1. Anything in the stretch 205-252 that is in a strand (DSSP E or B), in contact with a Phe, Trp or Tyr (Cβ under 9 Å, 6 or more places away or on another chain) and of a type outside the set (Ser, Thr, Tyr)? List them, or say none.
2. Just the residues that are farther than 18 Å from Thr130 by Cβ and small (Gly, Ala, Ser), please, taken from the stretch 238-292.
3. Given the conditions (1) surrounded by 14 or more Cβ atoms within 10 Å (Cβ to Cβ); (2) more than 16 Å from the chain's Cα centre (by Cα); (3) modelled with pLDDT of 95 or more, and given that Ser44 satisfies all but one, which numbered condition is not satisfied?
4. How many of the residues making up the stretch 189-204 are in a strand (DSSP E or B) and either farther than 15 Å from Pro262 by Cβ or of a type in the set (Asp, Glu) (or both)?
5. Being more than 9 Å from the ligand (Cβ to nearest atom) and out of contact with any Phe, Trp or Tyr (no Cβ under 9 Å at 6 or more places or on another chain) is the filter here, so list the residues in the stretch 318-328 that pass it.
6. Checking the structure you have, find out if any residue of the stretch 292-311 is touching a strand residue (DSSP E or B) at 6+ places or on another chain (Cβ under 8 Å), closer than 28 Å to Gly91 by Cα, surrounded by 22 or more Cβ atoms within 10 Å (Cβ to Cβ) and small (Gly, Ala, Ser).
7. Which one is farthest from Met184 (Cα to Cα) among residues in the stretch 65-123 that are within 8 Å of the ligand (Cβ to nearest atom) and of a type in the set (Phe, Trp, Tyr)?
Amino acid sequence: MQRRNFLKGAAALLGAIPLNSALSAEAAPVPASSVPDASAHLLSGSRALAPIIASPDRIIEMNVCTRPFRLQGPRIESERIGRRNVVHNYGHGGSGWSLSWGSGQIAVEMAKAHGRRELAVIGCGAIGLTTALVAQQAGLKVTIYAKERPPYVSSHRATGSFTPDSRIVSAQFAPDFARQWETMARHSFRRFQSYLGVGGNPIEWRDMYSLSDVPFGSPRPAVYSPEPAYPGLEREMLRDITPRTVTVSSHPFPVPYVQRRPALLFNIAEYTRLLMAEFFANGGVIETFEMQDKRDFAAIHERTIINCTGYGARALLADDSIIPVRGQTAKLIPQPEVDYGFFYGGRRVSVYPRRDGLLVQAQAEGDFNNDSEALDSEESISAVQRLGEIVAMMRSTGYNLDKAASPE
Ligand SMILES: Cc1cc2nc3c(=O)[nH]c(=O)nc-3n(C[C@H](O)[C@H](O)[C@H](O)COP(=O)(O)OP(=O)(O)OC[C@H]3O[C@@H](n4cnc5c(N)ncnc54)[C@H](O)[C@@H]3O)c2cc1C
């Protein structure tokens, strides 16, 4: 895409997205395509939706963690620290899973330029694991050093959907970052497709609905927000590879306006397990090691290191360009028959049909620049209650639970 067009798009977008949107960027709906085609009637028709059982007693897990956001986008660059060549690969905001493969590819290319066959990766989250796998595939011998490993890393507490432009860069810095972002997003998107149809469904496409009380695209009142404006990079630059959004006229939801779009979901439990298994199968080793500050790079045996410490980089490198953006989720007992999710900005709640539990997210005020990892259980309980109220108002879609439960 031409830089000029991107700038135009970004400017238009700034006008379109309120600074304090009730939906987080992760949940922002994409406008319906106006291009008619032969399959449009199939996409916009109604479908039988299994009822979501949403009540607080079904909560099996609540989690809170911080997105490592940088106004200028992730830090992917080389630095000489003592006698080590360190390639930084951190600061992926709300898009760490989504951009992981492409970001790892760029970092590994930089590391390879130092000419060593042995590589250390610091960190075992979404970025560290995928970077390590990319390096192995490039023929390097990789050791991961990390304070924590899955399931105890922040990445494990994410929503788990392909949201490549969620709090990844501010609109101000987007023009400089757009090209690199596009490379990372396209590479990652393609890589994810290779995990479709794999046992355990680590990655799958699921329908997500956007619910609204007002027509999509209606101007919303501007409200003060400490957050910067974000560019709609996915909408601007990935249009040719991502599915379009369609308006659904016949649906069971208790709102007048509904759109539907397939979303790429990560079953983080299974997906992480698979990545770890691949890493070990390729001869990888994981060492438990907590670095206190920059001097500890000298304690790493390998001369070339990729630093994938996520939010941990803020303390490790005294890098206060990393802004914490708090996020809290709750998981409900899995319902394999539920194969759709939705976000409803008006009620500040979204639900994702993950295999490892229905994931409920509330959009809370005050998350930006908030590093509190203290769990606010009321926040999640009230989100589940709001979800239950919405489900209770949904019209029956003729979905037959008994039929769904009976063996094939
Ligand atoms: C609520 C929420 C929802 C999200 N949803 C999505 C989503 O749907 N899609 C998406 O793409 N992204 C999402 N994200 C963002 C995503 O989770 C992050 O971008 C991603 O987890 C960053 O991964 P990471 O590997 O850089 O960091 P981490 O997962 O934090 O991993 C860092 C690793 O470094 C290690 N480490 C840190 N400091 C040190 C140290 N000093 N010494 C040794 N080891 C250290 C840690 O132990 C860990 O192993 C979400 C985030 C939040 C908070």
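The values are calculated or read from the model by the stated rules, or taken from the named source; none is laboratory data. Small disclaimer: the values here were computed from a predicted structure and weren't measured. Backbone-built Cβ (ideal geometry, glycine too); neighbour counts: all protein chains shown.
1. Result: Arg206, Asp207, Met208, Leu211.
2. From the stretch 238-292, those farther than 18 Å from Thr130 by Cβ are 238-263, 287-292; that's our starting set.
If the condition is that a residue be farther than 18 Å from Thr130 by Cβ and small (Gly, Ala, Ser), then Ser249, Ser250, Ala263 are the ones that fit.
3. Looking at each condition in turn, Ser44 falls short on (3).
4. Of the residues in the stretch 189-204, 1 are in a strand (DSSP E or B) and either farther than 15 Å from Pro262 by Cβ or of a type in the set (Asp, Glu) (or both).
5. Ala318, Asp320, Ser321
6. Yes, the conditions are met somewhere in the stretch 292-311.
7. So the residue we want is Tyr90.
Here's the yes/no breakdown for (1) modelled with pLDDT of 95 or more; (2) more than 24 Å from Arg47 (Cα to Cα):
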position	(1), (2)
Val338	yes, no
Tyr344	yes, no
Val351	yes, no
Asp356	no, no
Ala362	no, yes
Gly366	no, yes
Met393	no, no
Tyr399	no, no
